[in-house]
Amino acid sequence: MKRRAKGKRQQTSLQSFFKATRPSHETGECIQETVEEQSRLESPHPESPATPGDCSAETETPAKKAKTSAAADSGKKQAMTQKERDRNRQIKADWFSIFKWLIYDKEKNLFFCTYCIEAKKTNLFTRGKCAKVPKKDDFNKHTMRADHKMAAGAKQGSRQMSKARAKADDRARESMTAAFETVQWMEDMPNVTFSGPVDLQLEDVSFMGAQSLRVLGKDDGSIHDSHQTSVNDLRECVATEEEEEILKEVDEARYFSLEADEATDGSNKTVLRVYIRYVGPDARPRVRFLGVREMRATTSDAITAALQQFLEAKGLNKDNMVGLATDGASVMTGVKVDLTTQFKKEVPFLVANHCMAHRLQQAAEKAATRVPLISKYIGTLNCFARVVQFSAKFTRTLEVSRRIHSGQTKKIKEAFLTRVLSLCDGTQAMAGCVPAVLSALEQAATEKSTAEGKAQLKGLAADMGSYKFIYLTHFLADTVGLLGILSKLMQVTTPTYQDLKDAIDNTVCSLLALVQVKGTGGFLEKLEGAFPATPPAGGKTLWEDHNVKDTQKQRDEVKKAVDLFMDNIVTQLQCTFPDHDTMSAFDIFCPSAKLTRDDSSDKLDKLLELYGADKEKKGVTHTKVVDPDAAKTEWKILGPMVPKYSSMEDLYCRYVSKNKDAYPNMERLVKIGVTITVTSVNCERGVSRSNAIKTSSRNGPPL
């Protein structure tokens, strides 16, 4: 009994001890430590082993152990209270990654829930939860609230809706992009062909844009029931966007030139086509299609009024117009009331140019028409071209003959005096296959069933199988070939007067050398030694297995015609392209001019005379473009720099435009020189494209 009472007293004393040492507000850690300590003390086998021979450790009683432990713990630091723990709490960064809705206002020291705020809920986290004692458990509790769950669900639904809307927008954007690309690809095609490319894309699923185009479709699978309207709308959008971009660039460039041409389209309507030239953001000249206007009359006054209204509609300032290029029509380039004259009366610094490409055509036409033998030759060449065009049987015979004679396979087309390139292509094609042509004509004449057909083919064979025709063919292939190269140089998009003037001078020198120097490496060189120095007595010469007619009379006629044509073509080139005072003055910015100091000074004075003085037009005073004195000072530094560049365009792009602050006056002069247009070939090219699209069959009968 005594032992049982003693054990009970010891247990009571231990419980009193732990109660005395336990804090009033225990945390989980304190409770765990106390339980572990009590278990260790009550265990019959303590964790700390006794060393061998230590009898006191084996015989130590529980009461003694408790006293020893209490004495040891009395020297340790007491556990923190709840207030002390709250003071030491800090905001942790991982809370914001766990709770996506959590935000912290540092100034107010408050936590907020973005979901609940967006859903307009009323709770502690919409008003602001105090962050003085930050606890993760507060966020967990808020996550379990019903109003927060509703707000989170609405947020998730909004996100899904946004994703669906964005996906739909992307599909719509892709479909519209595919439709725009299809319409843009149809630049030179009529609207009615839109369904064809669309069907082709839809048939091939792997084709780029096929799936995107399906978005535009209907339930029945058709997507182009109203393609006429859709294509017009798409093209109008593209045209509007491009026009805005062009007008913005023109406004930044300030100065611009126009190419204008009056023509008749496929619907037999008179229209005015206008192209604009300006210096783009890359400091290079650009030519863009500006628009087309239908005209009720074709007089000079009507064309002038139409062009003025056109500029007003586009918002272009006529005072910034520095160049105007037209063809040689009297209503465009006349004497008193033509288009250019009327514009010069209003535009202060305008330089008008007769298209240099049209001048070349006129020079070639005048030179050829003044030589009867040349005109007759062109008639014979065109007669043969029509035989080839309208006879499939003869075409096959000619192809076989070409393979036998190893002749070239260029197609022989009709040649026109008003088109240098057509005459160049026709003569060069014929020069490469005369033996094959003669063989084909002889064979076709024997196979022809009708007497009229045989007589026509025999007549062609007699005309073409002669020294006269053969020599003129090779001569014109060389001569007109040089003019063809010059014509192509004039048909580039952005030619300059200086480059074309140099090309004209070089062409004249080449034409003179063609007559004076033998062995030019052209078509005429192939005839060297083919014919004897004097014609044979029989009047026939064997040439390429053909007996061709060769008499002294023919040779005299050919020599006279060749000399007369060469004199005429050189004279016409020199007279048709005289030096333009204003345009020639821009030679000071052309490295190839190689001017002396006095010539440079004279040309600079001409430019300053035009652009360095105020102009009065119809009672309105227009301020000068440059300051003459400052321009002369700038030229002293810029002049020596000109020879370092290849052209005036290169000079402006690579040097002057990048140093406009140092050369403000020279920069404006060089920009004007680059901007002034000297041809209207872009208008001619636009007419050709329009006629290829807007044919008479697509426009119906005339009204």
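The values are calculated or read from the model by the stated rules, or taken from the named source; none is laboratory data. Everything numeric in this text was worked out from a predicted model, so none of it was measured. Backbone-built Cβ (ideal geometry, glycine too); neighbour counts: all protein chains shown. Remember, those area values only see protein heavy atoms, side chains included, never the ligands or the DNA or RNA. Shrake-Rupley method; radii C 1.70, N 1.55, O 1.52, S 1.80 Å.
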Quick one: Cα centre-to-centre distance for the stretch 315-342 and the stretch 264-314, in angstrom? 11
Take the Cα atoms of the stretch 623-668, build their convex hull, and give its volume per residue in Å³. 70
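I need the fraction of alpha carbon pairs in the stretch 450-565 separated by more than 21 Å, rounded to a whole percent. Don't skip to the end; give the middle numbers.
On the way: 3395 of 6670 pairs.
Counting every Cα pair in the stretch 450-565, those more than 21 Å apart make up 51 percent.
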q = 0.13, 0.18, 0.21 Å⁻¹: log10 I(q)/I(0) that the Debye formula gives for the stretch 301-425, counting C-alpha atoms only: -0.72, -0.97, -1.15
Can you run phi through the Karplus equation (6.51, -1.76, 1.60; θ = phi - 60°) for the stretch 505-513 and list ³J(HN,Hα) in whole Hz, with x for Gly and Pro? 4, 5, 5, 4, 5, 5, 5, 5, 6
How big is the accessible area of Leu512 in square angstrom, nearest 10, if you roll a 1.4 angstrom probe over the protein chains? 80
Enter the Cα centre distance for the pair the stretch 593-639 and the stretch 436-486, rounded to the nearest angstrom. 58
Scan around Asp261 for amide H atoms under 5 Å from its own, H built in the peptide plane at 1.01 Å from N, and keep only partners 5 or more places away or cross-chain. Arg273
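Multiply the residue separation of Asn691 and Cys237 by 0.36 nm, subtract the distance between their alpha-carbon atoms, and state the gained length in nm to one decimal. Each step should come with its number before you reach the end.
Values: separation 454, 0.36 × 454 = 163.44 nm, distance 2.31 nm.
Additional length available on full extension: 161.1 nm.
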Once amide H atoms are built 1.01 Å from N in the peptide plane, which residues 5 or more positions from Ile103, or in another chain, come under 5 Å H to H? Phe112, Thr114
Amide H to amide H under 5 Å from Val279: which residues, 5+ apart in sequence or cross-chain, H placed 1.01 Å off N in plane? Arg286
Computed Rg/Rh for the stretch 498-578 (Cα atoms; Rh = Kirkwood radius) stands at 1.10
Once R0 is set to 30 Å, what does the formula 1/(1 + (r/R0)^6) return for the Cβ-Cβ distance between Leu247 and Ala662, expressed as a FRET efficiency to the nearest 0.05? 0.50
Need one word for the stretch 552-703: rounded, prolate or oblate. Basis is the Cα gyration tensor (sqrt eigenvalues a ≥ b ≥ c); a/c below 1.5 gives rounded, then a/b vs b/c decides. oblate
Can you give me the P(r) profile for the stretch 558-647? Cα pairs, bins 10 angstrom wide beginning at 0, each as a whole percent. 14, 32, 23, 17, 10, 4, 0
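Rounded to two decimals, what is the ratio between the C-alpha radius of gyration of the stretch 354-445 and 2.2 N^0.38 Å? Mind dumping the intermediate values first?
Values: Rg = 14.9 Å, N = 92, 2.2 N^0.38 = 12.3 Å.
The stretch 354-445 yields a ratio of 1.21.
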State the extension gain, in nm to one decimal, for the chain segment bounded by Thr264 and His580, taking 0.36 nm per residue of separation less the distance between their alpha-carbons. 110.7 nm
Note, ³J(HN,Hα) from phi for the stretch 524-535, Karplus 6.51, -1.76, 1.60, rounded to Hz, x at Gly and Pro: 4, 5, 5, 8, 5, x, 6, 10, x, 4, 10, x
From the phi angles alone, apply the Karplus equation (6.51, -1.76, 1.60; θ = phi - 60°) to the stretch 559-572 and give each ³J(HN,Hα) in whole Hz, x where the residue is Gly or Pro. 4, 5, 5, 5, 5, 5, 5, 5, 4, 5, 5, 5, 5, 5
Additional length obtainable on full extension of the chain from Asp301 to Lys410, 0.36 nm per residue less Cα span: 34.6 nm
Rounded to the nearest 0.05, FRET efficiency between Lys526 and Lys366 (Cβ-Cβ, R0 25 Å) equals 0.30
If I model a spin label at Lys606 and Ser646 as a point 7 Å from the Cα along the Cα→Cβ vector, what separation in nanometres do I get? 2.7
